[in-house]
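To start, the structure under review is shown below, and the notes come after it.
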């Protein structure tokens with residue numbers, strides 16, 4: 001598999017690109033988005049309110065499905081499949097109990113890359129009773145861009161880069177509010193994969209941090225990204241870092257994050273900052289990836305309040321797209 005995929009929308013004027021309408025349904029339609037990621041499986045239930053989303057419920061489970069792909073020869077085990085299916089079934093039931101009128105389940109890098117990914121998606125769909133969409137890297141980036149930019153809550157001029165560091169892959173999606181997404185850079189590197197390969201200590205020591213930096217620098221050698229007017233970070237690593245260092249990720253704050261994560265065991269850091277220890281275990285790799293992207297983009301990263309799941313729901317609510325979502329039973 002190529003380490004990086006660049007997808008551009010070409011052959012159409014900027015305003016004709018596939019993008020979600022700025023108009024959100026005025027009817028208070030409660031929607032749910034479930035995201036099966038490499039590190040976590042998350043559900044968001046939300047409805048439109050004054051041009052934004054009002055979040056009714058959020059829940060996550062650290063299923064670490066990407067670990068199987070890394071360690072299991074590229075396949076997701078039957079045991080892990082049943083674990084994730086149980087989590088998804090519970091999240092579907094919770095969304096239905098809250099009155100969700102439409103539910104969409106999406107899967108990202110782990111299932112996308114797994115040798116048995118199609119079988120896994122089919123089995124989860126059968127158990128949950130809701131279709132599972134295995135997103136392409138372009139769709140993943142596009143939906144994260146929609147969720148991140150809409151959640152900014154204020155007009156943004158110029159070009160925006162949305163950085164989504166996941167467990168099994170990372171995407172940098174570039175575009176504008178008016179024109180939508182112009183290109184998606186997808187990189188076959190993520191916090192979970194790096195942590196599985198290179199981190200054994202708790203906390204990780206200087207040698208492990210050095211190896212992480214070297215792996216990341218080698219991976220991105222020769223890769224160049226254009227500098228946007230603004231950069232936004234979304235995903236689990238970014239949102240967790242908000243608790244450690246604040247809402248803006250730049251060299252000083254990211255280095256502070258590394259110091260925190262290498263000073264105490266994961267369980268102690270988790271207690272101090274009200275995080276899950278399993279998230280802390282992969283966070284050092286996430287910090288260093290975000291640092292790399294900040295350097296490549298020539299911009300500090302503002303931690304976004306929306307991302308993939310918000311983008312999924314916004315697309316469900318936008319004119320003419322709600323029919324693509326599965327109706328809740």
(request) Name, by its number, the condition in (1) at pLDDT 95 or above; (2) under 19 Å from residue 232 (Cβ atoms); (3) not in a strand (DSSP E or B) that does not hold for residue 305. (result) (1)
(request) Please enumerate the residues belonging to region 216-249 that are under 13 Å from residue 289 (Cα atoms), surrounded by fewer than 16 Cβ atoms within 10 Å (Cβ to Cβ) and in contact with a helix residue (DSSP H, G or I) (Cβ under 9 Å, 6 or more places away or on another chain). (result) 217
(request) Name the residue, out of 179, 175, that is over 29 Å from residue 278 (Cα atoms) and buried (at least 24 other Cβ atoms within 10 Å of the Cβ). (result) 175
(request) Tell me, yes or no, whether region 30-37 has at least one residue that is assigned to a helix (DSSP H, G or I) and under 22 Å from residue 194 (Cβ atoms). (result) no
(message) Criterion first (surrounded by fewer than 20 Cβ atoms within 10 Å (Cβ to Cβ), in contact with a strand residue (DSSP E or B) (Cβ under 6 Å, 6 or more places away or on another chain) and within 22 Å of residue 278 (Cβ to Cβ)) does residue 91 satisfy it?
(response) no
(message) Being at pLDDT below 95 and surrounded by 19 or more Cβ atoms within 10 Å (Cβ to Cβ) narrows it down to one residue among 105, 24, 34, 76; which is it?
(response) 24
(message) Let me confirm something: among 188, 238, which residue is within 23 Å of residue 135 (Cβ to Cβ), modelled with pLDDT of 95 or more and in contact with a strand residue (DSSP E or B) (Cβ under 9 Å, 6 or more places away or on another chain)?
(response) 238
(message) Can you tell me which condition residue 175 does not meet? The list is (1) more than 20 Å from residue 38 (Cβ to Cβ); (2) modelled with pLDDT under 95, and all the others hold.
(response) (2)
(request) Sort out which residues of region 256-294 are closer than 30 Å to residue 223 by Cα, in contact (Cβ under 8 Å) with a residue 24 or more places away in the chain and out of contact with any helix residue (DSSP H, G or I) (no Cβ under 8 Å at 6 or more places or on another chain), and write them in order of number. (result) 293
(message) Please go through region 71-85 and give me each residue that is under 24 Å from residue 44 (Cβ atoms) and without any contact (Cβ under 8 Å) to a residue 40 or more places away in the chain, ordered by number.
(response) 80, 82, 83
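The values are calculated or read from the model by the stated rules, or taken from the named source; none is laboratory data. For clarity, every value in this text was computed on a predicted model and none was experimentally measured. Every residue, glycine among them, receives a Cβ derived from its backbone with ideal geometry; neighbour counts consider all protein chains shown.
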